[in-house]
Every structure is written in structure tokens, then in C-alpha cells.
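Nothing in this text is a laboratory measurement; each read-out follows from the coordinates by a stated rule. Only a predicted model underlies this, so the values are computations on that prediction, with no experimental measurement involved. Every residue, glycine as well, gets a Cβ built from its backbone with ideal geometry; the counts of neighbours run over all protein chains shown.
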């Protein structure tokens, strides 16, 4: 699995991150796992894309990038997702 730490080499660089989503969690947060993936706990239920929107917001805040720099590229309706983070 790719590492969760984003190190960009140039302006057009991107990093792919595997994410496991836990919805309807009491506490919201991002946790880096030993295999390099992320576990993201969200308050939103997995309905009507609310959890995906909250996921993008949480991951963008974790890596210090804008929300538009985070793209969901896999796992739209799954708890295991693949995100691409652009600089």
C-alpha cells in the first residue's frame, strides 16, 4: 500500500492514499495505520454522498491542502476508498 505521508516533488505531483472509512463515529478523526493507509472516522451516515464529502474535508485538513486537491478515485460506495491528493 502507498504511504499516507504526502511528499510532493513538483507542482503537478500527486499521491494516492488508501483509506478505510468508519461512518457514524462519535469522534471525527484521521489515523495513520502501520501499513501506510488511513483510517478516517466520520460523523456522517453513508447516505447521499454526505460521508464522501466529509471524508474529503477531513483528509484535506489532515494533509493541509484544499478540498479541491483531494479526489475520490475508487470506492465510491465502499468503506475502502482510494484517494488522490494533488498539491
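Things to note:
- Extension gain for the segment residue 78 to residue 48, taken as residue separation times 0.36 nm less the Cα-Cα distance, is 9.5 nm to one decimal.
- Computed from Cα positions, the angle between helix 50-63 and the longest principal axis of the chain comes to roughly 40 degrees.
- Percent of beta bridges antiparallel (DSSP, the chain, rounded to nearest 5): 80
- The structure shown yields percent of Cα pairs over 18 Å apart, and of the options [x] 44; [y] 36; [z] 67 that calculated value carries the label [y].
- Where labels lie 7 Å past Cα in the beta-carbon direction, separation of residue 86 and residue 16 in nm: 1.7
- The modelled label-to-label distance between residue 71 and residue 26, using points 7 Å beyond Cα along the C-beta direction, is 3.9 nm.
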